[in-house]
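Single-structure report; data block below.
Just so it is clear, none of the values below were taken in a lab; they were calculated from the coordinates. Here the structure is a predicted model, which means the values were calculated and not measured. Please note: Cβ atoms are built from the backbone with ideal geometry, for glycine as well, and neighbour counts cover all protein chains shown.
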């Protein structure tokens, strides 16, 4: 093994990711009781940037806080605004966790992006199977 050389190219370092230039897009906010995930997509639904609360440095029970959701939203919106040149956005919100308020707060604080519409797409139960009978004592 003494005569074997590994050839490393100069391009093995970290490269900056190329983001497409998009003027309008969608931001999907998913909040649960344990975590919050923010995804930025174009109008066709192709994912451009995404972040959860763990991605921005929160672990364990701190992931479910509104502040952690705010930091995740700021991370994704910063990419959308600075790298992609986002001007207008539609917001799809799913879930009933604590992070909803924090995410909307982050969108308003950063500014420079117009929210054209907000839609709640939380699935609602309907019908389904018959419930359990009440207990008799």
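Checked against the criterion of being surrounded by 14 or more Cβ atoms within 10 Å (Cβ to Cβ), in a loop (DSSP other than H, G, I, E, B) and within 13 Å of the chain's Cα centre (by Cα), the stretch 46-53 contains one or more residues that satisfy it. What about residue 98, is it within 18 Å of residue 45 (Cα to Cα) and surrounded by 15 or more Cβ atoms within 10 Å (Cβ to Cβ)? No; evaluated as a whole, the condition is false for this residue.
Any chance the stretch 57-74 includes a residue that's outside any loop (DSSP other than H, G, I, E, B), touching a residue at least 40 places away in the same chain (Cβ under 8 Å), in contact with a strand residue (DSSP E or B) (Cβ under 9 Å, 6 or more places away or on another chain) and surrounded by fewer than 17 Cβ atoms within 10 Å (Cβ to Cβ)? No, the stretch 57-74 has no match at all.
Here's the yes/no breakdown for (1) under 25 Å from residue 33 (Cβ atoms); (2) touching a strand residue (DSSP E or B) at 6+ places or on another chain (Cβ under 8 Å); (3) part of a strand (DSSP E or B):
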position: 79; (1), (2), (3): no, yes, no
position: 93; (1), (2), (3): yes, yes, yes
position: 108; (1), (2), (3): yes, no, no
position: 130; (1), (2), (3): no, no, no
